[in-house]
Structures are given as C-alpha cells and as structure tokens.
Amino acid sequence: MAYRLSMVPRIAQRFGVHTRAHAIRLCAHLARRLGIFCLVVAALLLLGSSSREVTLPVASFSGTWGTGEVQGLVTSPAAPPGATVHTPDTSSIGRLSISFPATTLERLLAAAPGWLGWASVGAALVWLAPLLRGFAEGDPFAPGNAGRLRGIAGAAFVVTHVVPLLTPLTAALALHRLGASGWTPDWGFPVHSSLVFVLLLFLLAGALDVGRRLQVDSEGLV
C-alpha cells in the first residue's frame with residue numbers, strides 16, 4: 001500500500017502537469033488555425049459586400065413602425081424619396097429598403113457587422129495562440145503577452161459594442177442623405193454587461209505588465 005501511495009505524485013506529474021501543457025499547446029494550435037479561417041471569411045465577406053440595395057432597421061419618431069400600411073408597405077410617415085419602408089414581421093421596427101445605388105461607405109458599413117465581426121474574432125484567436133503557448137511553456141509573463149491580451153480585449157470590445165452600432169450608423173447616414181423626415185435609426189442600448197468582460201481583460205493585461213517588470217527586476221538581482 002505504501003508503494004502505491006508513493007506512485008501518486010509521479011502519476012499526477014506525468015498525466016496531470018505534462019498533459020495539461022500538451023492540451024494548452026493543442027488549444028493554441030487550434031486557435032491559430034481558427035483565427036486564420038475567420039480572417040479569410042472576413043476577407044471574402046468584405047469582397048462580396050457589393051450589393052447596391054441596402055436594407056436597414058429604422059423606427060418612426062413616434063416609436064412605432066408607422067400608422068399607415070398598404071400591402072406591407074408603411075405609408076405614414078412617408079418613406080424617403082426612392083425608398084420603401086416595409087412592415088415588420090415579428091417586431092415593431094420597420095425595415096428601410098434603399099432601392100437605389102447606395103454609396104460605397106454605406107455598403108461597407110451595412111456589411112460591416114459581418115466582415116468586421118469575423119475579422120475581430122480572427123484577430124483575437126491569432127493573438128490568443130502565442131499567449132497560450134507562453135502559458136504552456138510556464139512563462140505567462142513572456143514579452144508581448146500583455147499587448148496580445150490588450151488586443152484580444154480590443155477585439156472583444158469591437159464585437160460587442162462597435163459592430164452593433166454600425167447598422168444604425170449606416171441608417172442615420174442614409175436617412176440624412178435622403179432627407180428623410182419622420183424616421184430615425186434604431187440605436188438600441190449601446191452599453192451592456194459584456195463591457196465588464198472587456199474591462200477584466202484590460203485589467204489582466206495590466207497584471208501581466210506588472211508581472212513582466214517584476215520578473216525582469218528579479219533577473220537583474222541574480
């Protein structure tokens with residue numbers, strides 16, 4: 001029995017610590033591959049964002065999609081010249097359909113929730129790969145890790161708080177350019193609980209910076 005108990009630390013070291021490092025390296029490998037895939041998808045979506053007819057969510061100043069309706073089209077407030085406002089299917093937000101060629105900026109912004117979201121996720125995964133490799137090698141304070149974590153935090157902020165605002169921003173630009181009256185973009189609530197996660201990542205990046213400085217100082221004392 002004593003011999004079996006003496007084997008426990010070695011078994012834990014062999015199949016616990018070593019396996020954990022290999023698992024982290026595998027996660028880093030997969031993160032890099034998935035990040036490259038997401039960046040490729042983002043590039044394809046960006047190149048494919050050439051549709052000249054853009055559909056954007058709007059609401060009337062009264063808070064509803066309109067007071068008049070004819071065969072699925074809102075007639076009051078009046079739609080902007082050259083555009084139509086369709087009645088919603090399941091919500092109280094109308095759909096503004098710009099039926100004439102949109103500007104290049106409007107097309108890019110309208111497609112941005114797709115390509116920018118994929119690009120942000122891809123960049124975060126690419127930054128995550130060397131960060132995980134540093135943890136697997138037992139060096140979490142390796143040079144550049146704090147910057148990578150800040151990059152991941154920035155990408156998370158873009159996905160959670162910037163991307164959702166691009167669609168109403170495009171609607172605002174289009175409504176202003178069309179001289180529309182009675183309609184307003186649906187901005188929603190721009191700040192939500194995911195901001196706590198972003199701030200936590202920035203705090204962890206600061207902790208890595210402090211740890212790196214302490215590591216360099218301790219090496220200088222040896």
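The values are calculated or read from the model by the stated rules, or taken from the named source; none is laboratory data. A quick note: this is a predicted structure, and the numbers were derived from the prediction, not measured. Glycine also receives a Cβ, built like all others from the backbone with ideal geometry; neighbour counts cover every protein chain displayed. Accessible surface is based on the protein model in full, side chains and every heavy atom, while ligands, DNA and RNA are left aside. Shrake-Rupley method; radii C 1.70, N 1.55, O 1.52, S 1.80 Å.
Details
- Matching residues, region 12-31, being open to solvent by 70 Å² or more (accessible area, probe 1.4 Å) and either modelled with pLDDT under 80 or within 17 Å of the chain's Cα centre (by Cα) (or both): 13, 14, 15, 17, 18, 20
- For first residues located in region 18-45 and within 18 Å of residue 139 (Cβ to Cβ), partners that are outside any helix (DSSP H, G or I) and open to solvent by 70 Å² or more (accessible area, probe 1.4 Å) and lie 6+ apart or on another chain with Cβ distances below 8 Å form the pairs 21/137.
- Restricting region 196-217 to residues that are out of contact with any helix residue (DSSP H, G or I) (no Cβ under 7 Å at 6 or more places or on another chain) and aliphatic (A, V, I, L, M), the residue that is nearest to residue 131 (Cα to Cα): 207
- Qualifying residue in region 90-113 (condition: in contact with a Pro (Cβ under 7 Å, 6 or more places away or on another chain), at pLDDT 75 or above and either more than 25 Å from residue 162 (Cα to Cα) or buried (at least 19 other Cβ atoms within 10 Å of the Cβ) (or both)): no
- Assessment of region 69-81 against the conditions (among the β-branched types (Val, Ile, Thr), open to solvent by less than 50 Å² (accessible area, probe 1.4 Å) and either at pLDDT below 80 or part of a loop (DSSP other than H, G, I, E, B) (or both)) yields at least one matching residue.
- Residue match in region 117-129 (condition: surrounded by fewer than 19 Cβ atoms within 10 Å (Cβ to Cβ) and assigned to a helix (DSSP H, G or I)): no
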